[in-house]
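Worksheet: one structure, shown below.
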Amino acid sequence: MKRIFNIHEAPIIIFTLVVIVLFSILSPDFFQFDNAWLILDQNLSSFIVAIGMTMVILLGGMDLSVGSVLALTATSVGLFLSHGFPPWLAALLGVCIGILCGAVNGYFIAVRKIPDIIVTLATMYIFRGIAVGISGGTWMTNFPEGFRFFGQGKLAGVSFPLLVAIVLVAVFIYLMKFTRSGRRIYAIGGNGAAAKLAGISVARTKFTVYVWTGMLVGIAAVIFASKVGSVQASTAGSSLSFEVMAAVLIGGGSIFGGVGTVAGTMLGVLFMGMVKNGLIISKVSPFWVDATTGFLILLAIVINTLQRVRESKSKEGDLV
C-alpha cells in the first residue's frame, strides 16, 4: 500500500476515482460506456495539446499561445480546403503551420532569451489576429467529406483520432522517460545552470520543445476542425491554454519546472473532462459549472502540492 501512495500520480488517481464515485451516485447516467466515450472524444484535442504543455512546464516555462495557434492552424486548413486542396495536403500544411508557430515562440524564447510569458502573450494576440484576418471574421464551414476522416473516421474499427492520441501519448511517455532528450528537459527544469555546466544545450532543448508543442497543436487543430466541422477564428481554442496548464498542474506538474509526467497530465485532462461532464449530467446550473470546476481544480492541486512536500521531506530524511 505504501508503494502505491508513493507513485507520483497517486493523488490524481485517487481524486479521479472519488469523482467517479461521487458523480455515479448523483447521476446513474455518468457511469456508462457511452458517457465515458463522450468524455474521451470531447477532450482528444486537449490530450494532444497537453503533451506539449507538459514539456514546456517541465522546462519551467509556459505557453499562453496554444489556443491561438490552434485557431490559426484550423482556420488555415479551412482556407486550404475552400481553395480545393486535397484533405491530406491541407492537414499536412496545417501541421506545418503549427510547427512554424512553435518555431517563432522557440526562437524568441530560446535564442533571444525573452521571457516565455512575454513572448507567448504577444504571439497569443498575433496568431489570433492573423487567424481572424485571413478568415475575414467569418465561420469556416462546408469541409469536404474526405476531411471528416481525421476527426470522425475509423481505422480497423477504432476511432482514428483516438488512435492518433494514443500513439502520441505513448511516444512522448517513452521519449520523456527513456531518452536523452527527455532527461535534458527534466535537467533544465530542475536546475538550468547545472544543466548548462553539464554540457546540455539549454537553448537548443527549449527551441525543440516549443517546436514539438507547435506540431502537437497543429495535429490537434486538424482533429478539432474535422470533428467540429466548422471553425470560428475569434473563439476557437480561446480557453485552451489555461485548461491544459491546469491539467499539467493537476497531474502533478510544478509551475517551477522539473516535476511532472505525461501520464499524470493525461489523468489531469481526463479529470477536468469528467468534472465538467459530471456537473452537466448532474443538472448543476450552468452558471456554477465554471466555479465548481475551478474549486475542484484548486483542491486537486493543493493535494498534489502536499504530496510533493511530503516526498521532499521523505528524501531529506533519507539523506540525514
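The values are calculated or read from the model by the stated rules, or taken from the named source; none is laboratory data. Quantities reported herein were computed from a predicted structural model and do not represent experimental measurements. As a convention, Cβ positions derive from the backbone with ideal geometry for all residues, glycine included, and neighbour counts pool all protein chains shown. We work out accessible area using only protein heavy atoms, side chains counted, and drop any ligands, DNA or RNA first. Shrake-Rupley method; radii C 1.70, N 1.55, O 1.52, S 1.80 Å.
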Of Lys154/Lys276; Lys177/Lys276; Lys113/Lys206, which ones are farther than 19 Å apart at the Cα?
Lys154/Lys276; Lys177/Lys276
Would you work out which of Ala10, Ala300, Ser226 lies farthest towards the positive end of the dipole of the chain? Charges go on Cβ: Lys and Arg +1, Asp and Glu -1.
Ala10
Identify which of Leu22, Leu197, Leu70 has the largest mean-square fluctuation in a Gaussian network model of the chain, with springs joining Cα atoms closer than 10 Å.
Leu197
For region 118-195, accessible area per residue (1.4 Å probe, heavy atoms of protein chains only), Å²
57
What residue among Ile166, Ile188, Gly199 has its Cα farthest toward the positive end of the dipole of region 87-200, where the charges are +1 on Lys, Arg and -1 on Asp, Glu, each on the Cβ?
Gly199
Among Thr261, Thr179, Thr75, determine the one that fluctuates most according to a GNM of the chain built with springs between C-alpha atoms less than 10 Å apart.
Thr179
Net charge of neighbours whose Cβ lies under 13 Å from the Cβ of Ile39, counting Lys and Arg as +1 and Asp and Glu as -1
-2
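I'd like the carbon and sulfur percentage of the solvent accessible area for region 10-74, probe radius 1.4 Å, heavy atoms only, ligands and nucleic acids excluded.
Details: 1720 of 2370 Å².
For region 10-74, the apolar C and S fraction of the accessible surface comes to 73 percent.
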Magnitude of the charge dipole, the chain, Cβ model with Lys/Arg +1 and Asp/Glu -1, debye to 20:
900
Comparing Thr138, Thr213, Thr16, which has the greatest mean-square fluctuation in the GNM of the chain with Cα pairs linked when under 10 Å apart?
Thr138
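Using only helices, what value at 222 nm comes out for the chain when you add -39,500 (n - 2.57) per DSSP H run of length 4 or more and divide by the total residues, to the nearest 500 deg cm²/dmol? Write down the numbers at each step before the final one.
Working: 15 runs with 235 residues, N = 320.
Taking each H run of at least 4 residues, the total per residue is -24000 deg cm²/dmol.
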